Structures are given as C-alpha cells and as structure tokens.
Amino acid sequence: MDLLSPVIQPYPWGSRDAIARLQGRPVPSSGPEAELWMGAHPSAPSGLTRAGRNLTLDAVVAADPDRELGVACRDRFGARLPFLLKILAADKALSIQVHPDRRQAEAGFAAERGRDGVRTYVDDWPKPELLHALTPFEVLAGFRAPGDAADLLDSLELAGLHSVTSVLRGPGGPERLAEALRIILTWPEQDRGRLLETVVSACRRLARGTGAHAAACDAVVRMSADHPGDIGLLASLLFQHKILAPGEALFMPAGGLHAYIAGVGVEILANSDNVLRAGLTAKHIDIPELLRIVDPAADVPVLSPRPLAGHPGAVVYESPAPEFRLYRFTLTGKQAELPASGPRITLCTSGGALLRDAGGTELKLRQGESCFLSDADGTVIATGEGSVFVATVG
C-alpha cells in the first residue's frame, strides 16, 4: 500500500475552492484547480515513496507489472495501469468533446507519429469515462432526438437556422444529428458573430420562462460569458442537458459528444488523454476528425449505484468499459472488505479510513488522500467513518 501524491491540473475552467477544500488547504487556492489526477498516465503520474525513494506510479508499475498489476491484468492490458482516477472540479464549462475507441486511437496515434506541433491523438488508448457526482453536476451529454433539437432551435425564432432545422426534420436516422452538427461547426467565420449574438439573446429570453428548454438556454447564456463568439454555444443546443444528483453517475462511451458545465465529481476513465474538441475552448480543435468519429446514436446513460451483495454500505457503478470499475464504500465503523485482486486506487472523499492488508500493514487515509494498492497487497480491510472510492479493473 502506497500513499499517493496526486497531480493538480490548473486548467482555466477549474475551481479555486473544491480541490483545496477537499485536501484541507487554504481556500481560495492561488489559481484554478480543475482536476486531481491519481494514476500512472505518463504526462502526469502520481508520486509515491518506497524504501525511502521518491518514485512515480508509472515507473513502479513498469518495473514489476506482474506484482503491481497482477498477471491477469498485465496479460489483458500490457504493462500499464489501465485506468486513471480523478477529482474533477468545474466552475466553467469544459470543451465540447468526444473520445475515440481503441481502434481509432491506435490508428490516429500511428498516423501522427513523428508529426511536429500540436497532435490530435496524444496516446494510443481509448478514453471511455464515468463521472460520479459529488455535488449537483450540470452536463451536456449525448444528442437530443432530432425532433426535439429542431423544436428547441425553432423556439429561438431565428430564420437563419432553417438550414439546420430542415436537416433535423428531414428523412433519415441519427445521421441527421451529425449533419446538423457539421453545418453548425463549419458555419462561415464572417457570419458567426452576428448569429451568436442573436442566439444568446434568444436564449436569454427563453431562459426566463418555464418551458422545457429553459434550463438548456440558461446554460448557453452562462457559457457565453466565458466563451463569447464561440460556435460551440449554438452546437450545445443539439445535446441533452442534464443535472446529475449527488450519487448518480454518467457513463461516456467512445463517440459520445459531451461537455461538463459545472460541479464536482469523481471521474474514472481509461488511462488516456485523447480528447477531440469542437468548441467552448481555446485548445486545439480538429473538427473534421471529430465529425469522423462522433457517434450520433451513442447512448449516454445516467447510472444509479447497484448495492454490492454481501457488503453493507458498498455500491458499484457498472459500465461496459473493460479498463475500469468504480466502487463506493460508506464506512460506519464496521470492517469493509475492498475489491481483492488487481491494481486498485483508493480515495477518501470524506471522514477517514484505516486500511489493513493481509500481512497486517496499515495505512491511514484522511479526507482528500489516496493510495495505490497493488495486486500483491491482496485482500485489504477498511475501517473508519466516511466515504471511500475504489477504482479497479473492469
């Protein structure tokens, strides 16, 4: 068992309160803190100390993958920790984005090998992800039904959007949504400013009402303050607007378009940083590649926790992703047996926990702390009062 030193990512959309408060540091922080990475991604691996040496988790795994990951995990995913755990704290909207599947990631990364400058594919792994809400979490996730998207755009009462609504109301299936997105994202640059002014103005009018689309329009108005003139504001109206309640989770498959707007959550994902962006960002945008891999029929389900049989206070969030699975344990003073094989990362989000492995070694986790449990650590028992998340292989 190794206490981790996670990496804070200071992206500009991050909170100056949530991660600092979780870790017991002064609030507000000196700058935005968007994500807390707990894992072994080579761009930002967590630190740890073993035998008096300061190491990183990716180096520890690479040195002895059979011990750290277990033979079954190594055979399945190679000598790489297959998942990454994060705290995500959004005060402003993240980019509209989509992630590739494994085949697309491998092909895209290989095609860009040796390219100078900004790359679209930064590694050769897919990036399915699951977001568990710690606070109410506002998201745009998956496309609306074509008719619903057309109704929303018609409610803006803007004749200039007829080219989009005619596609949405025309013949065909989900591909109509991808075509509508293409029209919006490739809107002539010289016409975007005036169009978006009228879109935001119309959304401001609708946000004051009680109609079915008021919340989505209100989100556009708020996002426009941080992303004025961004075509992603209009594109966002094609997506489902949701607010996750604390304890709910959202699974994002490959090809599913999404944007996280505001909230704090625990996120687990495959060990990748492949992101293709379409708007609401100053980062690299690759619209042709995004349109190529987006799946307009992708299901983006909201997941409720499933009680873990034989483990009172424990729940699991199921997803089809082979790279990860997320558990939540509510500790009430009694012993709780954590998942017993493979690599695991354990995070305490409230209270505290005492972990004890089969050999009697103990490690105390306070709120905001996390640790790595290797396959060799075997069965680990947790006691204490609080909430503990455990990330492991699917």
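Given (1) closer than 22 Å to V294 by Cα; (2) buried (at least 19 other Cβ atoms within 10 Å of the Cβ); (3) β-branched (V, I, T), identify the lone condition not met by V200.
(1)
Among (1) under 28 Å from S15 (Cα atoms); (2) among the small types (G, A, S); (3) over 20 Å from the mean Cα position of the chain (by Cα); (4) modelled with pLDDT under 95, which single condition is G313 missing?
Single failed check for G313: (1).
For K127, are the conditions met, namely being of a type outside the set (F, W, Y), touching a strand residue (DSSP E or B) at 6+ places or on another chain (Cβ under 6 Å) and assigned to a strand (DSSP E or B)?
Against the criterion (of a type outside the set (F, W, Y), touching a strand residue (DSSP E or B) at 6+ places or on another chain (Cβ under 6 Å) and assigned to a strand (DSSP E or B)), K127 does not qualify.
Criterion first (part of a loop (DSSP other than H, G, I, E, B), more than 30 Å from R325 (Cβ to Cβ) and not small (G, A, S)) does E197 satisfy it?
It is false that E197 is part of a loop (DSSP other than H, G, I, E, B), more than 30 Å from R325 (Cβ to Cβ) and not small (G, A, S).
Mind checking which pairs have a first residue in the range 308-332 that is at positive phi and a second that is part of a loop (DSSP other than H, G, I, E, B), Cβ under 9 Å, 6 or more apart or different chains?
So the pair list comes out as G313/K334.
Identify the single condition in (1) of a type in the set (A, V, I, L, M); (2) in contact with a strand residue (DSSP E or B) (Cβ under 8 Å, 6 or more places away or on another chain); (3) not in a helix (DSSP H, G or I) that L290 does not satisfy, given that it satisfies every other one.
Exception for L290: condition (3).
Yes or no: the range 324-344 includes at least one residue that is at pLDDT 95 or above and within 25 Å of P12 (Cα to Cα).
Within the range 324-344, none of the residues are at pLDDT 95 or above and within 25 Å of P12 (Cα to Cα).
Among the strands (runs of 3 or more DSSP E) confined wholly to the range 330-385, which include 1 or more residues that are among the acidic types (D, E)?
Once the strands (runs of 3 or more DSSP E) in the range 330-385 are filtered for at least 1 residues that are among the acidic types (D, E), what remains is 344-357, 362-366.
Testing G70 on (1) in contact (Cβ under 8 Å) with a residue 40 or more places away in the chain; (2) on the phi < 0 side of the Ramachandran plot, one condition comes back false. Which one is that?
Status for G70: all satisfied but (2).
Among the residues of the range 365-393, what is the count of those that are in contact with a Cys (Cβ under 7 Å, 6 or more places away or on another chain) and under 14 Å from H311 (Cβ atoms)?
1
The values are calculated or read from the model by the stated rules, or taken from the named source; none is laboratory data. Keep in mind that what you see is a predicted model, and the values were worked out from it rather than measured. Every residue, glycine as well, gets a Cβ built from its backbone with ideal geometry; the counts of neighbours run over all protein chains shown.
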